[in-house]
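Colleague: Take this structure first; my questions come after.
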Amino acid sequence: MDKKSATCVLDRLQIALGVKNDSQLCEVTGTNRPTLGNWRSRNSVPYPLCVKVAVEYGLSLDWVLTGEGSMLRGVSAPPAEPLTANPQEEAILELFRSQGEAGKRGIQSAAEEKTRLMDVEQRLKDLTQALADTKLPA
(Lines give C-alpha, C1' and ligand atoms only; values in the text may rest on other atoms or scores of the structure.)
Protein backbone atom coordinates (compact mmCIF):
# COMPACT_ATOMS: atom_id res chain seq x y z
CA MET A 1 0.00 0.00 0.00
CA ASP A 2 1.23 3.49 -0.84
CA LYS A 3 2.40 5.02 2.43
CA LYS A 4 1.03 8.38 1.25
CA SER A 5 -2.50 7.03 0.80
CA ALA A 6 -5.34 8.41 2.89
CA THR A 7 -5.57 5.11 4.76
CA CYS A 8 -1.89 5.24 5.74
CA VAL A 9 -2.15 8.91 6.73
CA LEU A 10 -5.21 8.22 8.90
CA ASP A 11 -3.50 5.17 10.41
CA ARG A 12 -0.50 7.34 11.36
CA LEU A 13 -2.86 9.86 12.97
CA GLN A 14 -4.38 7.00 15.00
CA ILE A 15 -0.93 5.89 16.13
CA ALA A 16 0.21 9.41 17.01
CA LEU A 17 -2.97 10.18 18.94
CA GLY A 18 -2.96 6.81 20.72
CA VAL A 19 -6.36 5.70 19.48
CA LYS A 20 -7.31 2.23 18.30
CA ASN A 21 -9.98 2.80 15.68
CA ASP A 22 -11.73 5.31 13.44
CA SER A 23 -14.45 6.05 16.00
CA GLN A 24 -11.88 7.08 18.59
CA LEU A 25 -10.01 9.14 15.98
CA CYS A 26 -13.25 10.96 15.19
CA GLU A 27 -13.82 11.65 18.90
CA VAL A 28 -10.34 13.07 19.44
CA THR A 29 -10.32 15.19 16.27
CA GLY A 30 -13.97 16.26 16.29
CA THR A 31 -14.58 14.69 12.89
CA ASN A 32 -17.88 13.09 11.84
CA ARG A 33 -17.62 9.33 11.30
CA PRO A 34 -19.14 9.45 7.77
CA THR A 35 -16.61 12.12 6.78
CA LEU A 36 -13.71 9.96 7.88
CA GLY A 37 -15.21 6.98 6.05
CA ASN A 38 -15.42 9.07 2.88
CA TRP A 39 -11.76 10.04 3.19
CA ARG A 40 -10.81 6.36 3.36
CA SER A 41 -13.11 5.19 0.56
CA ARG A 42 -12.16 8.04 -1.78
CA ASN A 43 -8.47 7.95 -0.84
CA SER A 44 -8.71 11.65 -0.01
CA VAL A 45 -6.06 12.89 2.42
CA PRO A 46 -7.60 15.36 4.93
CA TYR A 47 -4.83 17.98 4.69
CA PRO A 48 -6.46 20.59 6.99
CA LEU A 49 -6.93 17.95 9.70
CA CYS A 50 -3.34 16.77 9.28
CA VAL A 51 -2.01 20.31 9.71
CA LYS A 52 -4.26 20.94 12.74
CA VAL A 53 -3.22 17.71 14.49
CA ALA A 54 0.47 18.21 13.64
CA VAL A 55 0.44 21.71 15.14
CA GLU A 56 -1.58 20.75 18.24
CA TYR A 57 0.46 17.64 19.06
CA GLY A 58 3.92 18.71 17.90
CA LEU A 59 4.04 16.16 15.11
CA SER A 60 6.15 16.40 11.99
CA LEU A 61 3.82 17.10 9.08
CA ASP A 62 6.25 15.20 6.83
CA TRP A 63 5.80 12.12 9.01
CA VAL A 64 2.02 12.49 9.15
CA LEU A 65 1.73 12.79 5.36
CA THR A 66 4.50 10.45 4.18
CA GLY A 67 5.60 8.34 7.13
CA GLU A 68 9.17 9.56 6.58
CA GLY A 69 11.46 11.11 9.16
CA SER A 70 10.77 11.60 12.82
CA MET A 71 7.21 11.47 14.11
CA LEU A 72 7.81 14.46 16.38
CA ARG A 73 8.57 17.94 15.10
CA GLY A 74 12.06 19.15 15.93
CA VAL A 75 13.41 15.66 16.62
CA SER A 76 15.89 14.50 14.03
CA ALA A 77 15.53 11.00 12.74
CA PRO A 78 18.14 8.60 14.10
CA PRO A 79 21.08 8.31 11.69
CA ALA A 80 22.31 5.18 9.92
CA GLU A 81 19.49 2.89 10.99
CA PRO A 82 18.05 0.55 8.41
CA LEU A 83 14.72 1.69 7.01
CA THR A 84 11.80 -0.59 7.68
CA ALA A 85 9.25 -1.29 5.00
CA ASN A 86 6.43 -1.19 7.52
CA PRO A 87 5.07 2.28 8.47
CA GLN A 88 3.35 0.85 11.54
CA GLU A 89 6.67 -0.53 12.80
CA GLU A 90 8.30 2.85 12.19
CA ALA A 91 5.56 4.63 14.14
CA ILE A 92 5.84 2.20 17.06
CA LEU A 93 9.61 2.70 17.17
CA GLU A 94 9.15 6.48 17.14
CA LEU A 95 6.66 6.27 20.00
CA PHE A 96 9.04 4.04 21.96
CA ARG A 97 11.97 6.40 21.37
CA SER A 98 9.92 9.39 22.52
CA GLN A 99 9.23 7.82 25.93
CA GLY A 100 11.17 8.30 29.14
CA GLU A 101 12.73 5.31 30.88
CA ALA A 102 9.54 4.42 32.77
CA GLY A 103 7.50 4.54 29.57
CA LYS A 104 10.04 2.38 27.74
CA ARG A 105 10.00 -0.17 30.57
CA GLY A 106 6.19 -0.25 30.44
CA ILE A 107 6.17 -0.82 26.69
CA GLN A 108 8.82 -3.54 26.98
CA SER A 109 6.91 -5.22 29.79
CA ALA A 110 3.68 -5.19 27.78
CA ALA A 111 5.46 -6.64 24.72
CA GLU A 112 7.08 -9.37 26.82
CA GLU A 113 3.73 -10.24 28.38
CA LYS A 114 2.12 -10.43 24.94
CA THR A 115 4.90 -12.76 23.75
CA ARG A 116 4.51 -14.93 26.85
CA LEU A 117 0.74 -15.20 26.30
CA MET A 118 1.22 -16.12 22.65
CA ASP A 119 3.69 -18.85 23.70
CA VAL A 120 1.21 -20.20 26.27
CA GLU A 121 -1.59 -20.18 23.68
CA GLN A 122 0.59 -22.09 21.20
CA ARG A 123 1.60 -24.62 23.87
CA LEU A 124 -2.06 -25.11 24.82
CA LYS A 125 -2.95 -25.64 21.16
CA ASP A 126 -0.12 -28.20 20.81
CA LEU A 127 -1.19 -30.05 23.96
CA THR A 128 -4.84 -30.05 22.88
CA GLN A 129 -3.83 -31.56 19.54
CA ALA A 130 -1.59 -34.15 21.23
CA LEU A 131 -4.44 -35.13 23.56
CA ALA A 132 -6.85 -35.43 20.64
CA ASP A 133 -4.33 -37.63 18.80
CA THR A 134 -4.04 -40.00 21.79
CA LYS A 135 -7.81 -40.48 21.92
CA LEU A 136 -8.01 -41.78 18.34
CA PRO A 137 -8.81 -45.52 18.08
CA ALA A 138 -5.88 -47.68 16.99
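The values are calculated or read from the model by the stated rules, or taken from the named source; none is laboratory data. From a predicted model like this one, the values you see are computed outputs, not experimental measurements. Here the Cβ is made from the backbone with ideal geometry for all residues, glycine too, and neighbour counts use every protein chain on show.
Colleague: Of all helices (runs of 4 or more DSSP H) completely enclosed by the stretch 1-71, which ones contain at least 2 residues that are out of contact with any Cys (no Cβ under 7 Å at 6 or more places or on another chain) and acidic (Asp, Glu)?
Modeller: Qualifying helices (runs of 4 or more DSSP H): 22-29.
Colleague: Only residues that are out of contact with any Gly (no Cβ under 9 Å at 6 or more places or on another chain) and without any contact (Cβ under 8 Å) to a residue 12 or more places away in the chain: list them for the stretch 25-46, please.
Modeller: Our first condition is that a residue be out of contact with any Gly (no Cβ under 9 Å at 6 or more places or on another chain); within the stretch 25-46, this holds for 25-27, 29-46.
Of everything in the stretch 25-46, those that are out of contact with any Gly (no Cβ under 9 Å at 6 or more places or on another chain) and without any contact (Cβ under 8 Å) to a residue 12 or more places away in the chain turn out to be Cys26, Glu27, Gly30, Asn32, Arg33, Pro34, Thr35, Asn38, Ser41.
Colleague: If I filter the stretch 47-67 down to residues being without any contact (Cβ under 8 Å) to a residue 24 or more places away in the chain and not small (Gly, Ala, Ser), which single residue comes out as surrounded by the fewest Cβ atoms within 10 Å (Cβ to Cβ)?
Modeller: Looking at the filtered set, the residue picked out is Pro48.
Colleague: Further question on the same structure: Just need a number here: residues in the stretch 46-78 that are farther than 23 Å from Leu93 by Cβ and not charged (D, E, K, R).
Modeller: Matching residues across the stretch 46-78 total 6.
Colleague: Still on this structure, I have one more. Does at least one position in the stretch 57-70 carry a residue that is among the hydrophobic types (A, V, I, L, M, F, W, C), in contact with an Asp or Glu (Cβ under 9 Å, 6 or more places away or on another chain) and either in the same structural domain as Arg12 (by TED's automatic domain parsing) or modelled with pLDDT of 85 or more (or both)?
Modeller: Yes, the stretch 57-70 contains a residue that is among the hydrophobic types (A, V, I, L, M, F, W, C), in contact with an Asp or Glu (Cβ under 9 Å, 6 or more places away or on another chain) and either in the same structural domain as Arg12 (by TED's automatic domain parsing) or modelled with pLDDT of 85 or more (or both).
Colleague: Here's a follow-up. Go through the stretch 4-39 residue by residue and tally those that are buried (at least 16 other Cβ atoms within 10 Å of the Cβ) and not β-branched (Val, Ile, Thr).
Modeller: Final tally of qualifying residues: 14.
Colleague: Of everything in the stretch 71-112, what is at pLDDT 85 or above and farther than 19 Å from Arg12 by Cα? Give them in sequence order.
Modeller: Scanning the stretch 71-112 gives Gly100, Glu101, Ala102, Gly103, Lys104, Arg105, Gly106, Gln108, Ser109, Ala110, Ala111, Glu112.
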